[in-house]
Amino acid sequence: MTVDREQASLRVVLTDINASVVEAWRAAFADTPGTEIRKGSILDEEVDAWVSPTNARGLMNGGVDAAIKRHLGAGIQLRVQRAIRDRFEGRLPVGSAVCVPSGAVNPRFLISTPTMEQSSQNVSETLNVALACAAAFQAIHQQNRESPGSIASVALVGMGAHTGRVPARVCANLMWTGHTLFHDHRFEDYDDLRGTIVAQLDDIEQAPAEQRVRITPPSRRTARR
């Protein structure tokens, strides 16, 4: 499915307190319109949705998750875990996400997407960041499909760059990969999303850390044959 004009104009804010991540974003997203990059806390961003890197159980006990739970209150974890239980039988696979009401005016929604199976897991040798970032944008597609225009702006942090120990440059490039999929393609579901990315894992894994890799949506691969 192609991406409509409203969703393609989403305002994306990349913000992190880690200067290395911010510098890496500036290099990776230098030619990417519609993105704002700055050093700072996601808690200061006035947008419709925050994206929080989480774990498969939605336990908000570390990193950005914990900061958001302190800011929004313990009820946010209950909402996230209820959504995971209802939609994914209690365990959220990497490459999936849930979008729940935050209970606040800013942001209105929290998108939780796992970069790891367990808390504080080292994911530096995986493609989890690309999967998680793409899943977060897929959640925006789904929310806007259910309620058009409900998410027009979103803020993300350096996914996996803290507790996941993903190097800043690798984090930035994998997030760029996930972000470009949002503009290139709207997936039918998370299985479709994961299948598309995993099918091209070799191309990504063989690329040097400084190289960005654009994943080709299935429809475009078919059209080129």
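The values are calculated or read from the model by the stated rules, or taken from the named source; none is laboratory data. For clarity, every value in this text was computed on a predicted model and none was experimentally measured. Cβ atoms come from the backbone with ideal geometry, glycine included; neighbour counts cover every protein chain shown.
Quick one: how many residues across the stretch 97-118 are of a type outside the set (A, V, I, L, M, F, W, C), over 15 Å from GLY63 (Cα atoms) and part of a strand (DSSP E or B)?
Qualifying residue count, the stretch 97-118: 1.
For VAL129, are the conditions met, namely being in contact with a Ser or Thr (Cβ under 9 Å, 6 or more places away or on another chain) and surrounded by fewer than 24 Cβ atoms within 10 Å (Cβ to Cβ)?
Here the answer is no, as VAL129 does not meet what is asked.
For the stretch 154-169, enumerate the residues that are at pLDDT 75 or above, of a type in the set (Gly, Ala, Ser) and assigned to a loop (DSSP other than H, G, I, E, B).
Scanning the stretch 154-169 gives GLY158, GLY160, ALA161.
Out of curiosity, is GLY34 touching a Lys or Arg at 6+ places or on another chain (Cβ under 8 Å) and loosely packed, with under 14 Cβ neighbours inside 10 Å?
yes
If ALA66 satisfies all but one of (1) at pLDDT 95 or above; (2) more than 22 Å from ARG145 (Cβ to Cβ), what's the number of the condition it fails?
(1)
Filter the helices (runs of 4 or more DSSP H) completely within the stretch 170-225 down to those with at least 1 residues that are modelled with pLDDT of 75 or more.
In the stretch 170-225, 190-198 are the helices (runs of 4 or more DSSP H) which contain 1 or more residues that are modelled with pLDDT of 75 or more.
Among VAL13, VAL51, which is the only one that is of a type in the set (A, V, I, L, M), within 17 Å of ILE140 (Cα to Cα) and touching a helix residue (DSSP H, G or I) at 6+ places or on another chain (Cβ under 6 Å)?
VAL51
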